[in-house]
Amino acid sequence: MALTSLLRHERRALAMKLVDRELRTSPIHSLTGLPEPEIRSLFKMKHDRSPPSGPMPSSSSFFTSRRNQAEVTLFGALYRHLGGQRIHRQLSAETLMKAHDLYREIHPEDSSRKGLNFTDAWVIARDLKSGATRFVPCRHCGLDYLIADETDIPPNCPFCFFRRLRKQKDGQRAPREVQA
Ligand SMILES: [Zn+2]
């Protein structure tokens, strides 16, 4: 088998895995180099409908509440755990798939909470690479949490927020600061 067709075979096999996970067309193109019309026809073959179109979200759109920020941080922590410091230089499809599988294991999709889909996971990985989303160490609890530019919520620790909220509910003592 010629090298070019072997590479092509590998790219197509990877694209199929990403299509299975319903990743949007443009990220599949950037990860595999396959032409977009070919990716769209693979998607249609697999899911019997056209892939979704329109602009890709940025991760700042996920930071709409403390709950969602905690969710993004959970996925980011799993992805960084598997990919290490390399995640700030490259976006590996294999690491992304492993991280999202792990995320799904501890957070199965159900009707009440959908969680982050695989395209959301790609957006977070892309923005971790560019620096648009960043880990920040919390001075109070010591955990790293994610922030992004231009979010609706202040760039504070989601875990400390929930801890303060719980304390407030338990009536142990009033929180010093409670945010949206
Ligand atoms: Zn904290």
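Give me the percent relative contact order of the range 9-120, please, defined on Cα pairs under 8 angstrom at least 6 residues apart.
Numbers: 78 pairs, mean separation 24.9, N = 112.
With pairs under 8 Å counted, the relative contact order is 22 percent.
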Long-range tail of P(r) for the range 29-94 (Cα pairs > 18 Å, %): 60 percent
Please report, for the Cα atoms of the range 3-47, the Rg to one decimal and the Dmax as a whole number; what are they, in angstrom? 9.6, 30
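What fraction, in whole percent, of alpha-carbon pairs in the range 104-171 exceed 19 Å separation? If you can, show how the numbers build up before the last one.
On the way: 1199 of 2278 pairs.
Roughly 53 percent, rounded to a whole number.
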Given a cut-off of 28 Å, name the pairs among Lys129/Lys167; Lys129/Lys169; Lys44/Lys114; Lys44/Lys129 whose C-alpha atoms lie farther apart than that in the structure shown. Lys129/Lys167; Lys129/Lys169; Lys44/Lys129
In Å³ and rounded to a whole number, note down the convex hull volume per residue for the Cα atoms of the chain. 140 Å³
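Read the figures in this text as sums done on the coordinates, not as results from a lab. From a predicted model like this one, the values you see are computed outputs, not experimental measurements.
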